[in-house]
Amino acid sequence: MTHNELFALAFAAASKAYAPYSNFRVGAALLCDDGTVITGVNVENRSYGLTICAERTALTTAVTQGKTKFTALAIATPDAQYPVSPCGACRQVLSEFVQADFPIYFGSTSDNIIATTMGELFPFDALHELKKQ
């Protein structure tokens, strides 16, 4: 699957986001190593700290389905004028499951996508050292 196809799935998922407070919809598409794509959306709450991001929704759905190996992630923010990268909490949660070379694509439109890696978004991730012990 190309990153453009994965982004298109994230963009389509964003239409299902529950964002009545910010009106800022986010969709994510997580490509599993078996070729399955799991999508997620942001789900807001009146208590804003309880909001869950699209990336974490996709990841927790995948884990619920027994999937813990992933090959790429696309994130769509159609209500933004520019590509919006994953928040710090999402970077931390993603780092539990992926390595530094894991590809991440994020954008506001199909013509405005940034391609990066987990390592570029979350450098100096010392927590992977804990798994080695």
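Derivation of every value follows stated rules applied to the coordinates shown; laboratory data play no part. Predicted model, so just to flag it, every value in this text is computed and none were measured. Methodologically, a virtual Cβ is constructed for each residue, glycine included, from the backbone with ideal geometry; neighbour enumeration extends over all protein chains shown.
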Candidates Val26, Val84, Val41: whichever shows maximal mean-square fluctuation once the chain is modelled as a Gaussian network with Cα springs under 10 Å: Val84
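Taking every DSSP beta bridge that has both residues in segment 1-88, what percent is antiparallel when rounded to the nearest 5? Could you put the intermediate results ahead of the total?
Numbers: 12 of 13 bridges.
For segment 1-88, the DSSP antiparallel bridge percentage is about 90.
Using 0.36 nm per residue of separation minus the Cα-Cα distance, give me the extension gain between Thr60 and Ser15 in nm, one decimal. It would help to have the intermediate numbers written out before the result.
Working: separation 45, 0.36 × 45 = 16.20 nm, distance 1.95 nm.
So the chain would gain 14.3 nm between Thr60 and Ser15.
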Footprinting exposure proxy for Thr2, Thr51 (fewest neighbouring C-beta atoms within 10 Å first): Thr2, Thr51
Qualifying trypsin sites (Lys or Arg not before Pro) for segment 27-115 [loop in DSSP, other Cβ within 10 Å: at most 15]: Arg46, Lys69
Inter-probe distance in nm under a simple model that places probes 7 Å from Cα toward Cβ, at Glu120 and Ala80: 1.4
Virtual spin-label span in nm between Thr71 and Asp111, 7 Å along Cα→Cβ: 3.0
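Grab the DSSP H runs of the chain that are 4 residues or longer, score each as -39,500 (n - 2.57), total them, divide by all residues and round the 222 nm result to the nearest 500 deg cm²/dmol. If you can, show how the numbers build up before the last one.
On the way: 5 runs with 40 residues, N = 133.
Computed ellipticity for the chain at 222 nm equals -8000 deg cm²/dmol.
Where does the longest stretch of the chain lie that holds no chymotrypsin sites (Phe, Trp or Tyr not before Pro) found in a DSSP loop with 12 or fewer other Cβ atoms within 10 Å? Spell out each step's value before the answer.
Details: sites that count: Tyr21, Phe124.
Counting at most 12 other Cβ atoms within 10 Å as exposed, the longest clean stretch of the chain is 22-123.
Rank these for me by crowding, Ser47, Ser22, going from fewest to most other beta carbons within 10 Å. The partial results should precede the final answer.
Details: Ser47 7, Ser22 13.
So the residues, fewest neighbours to most, are Ser47, Ser22.
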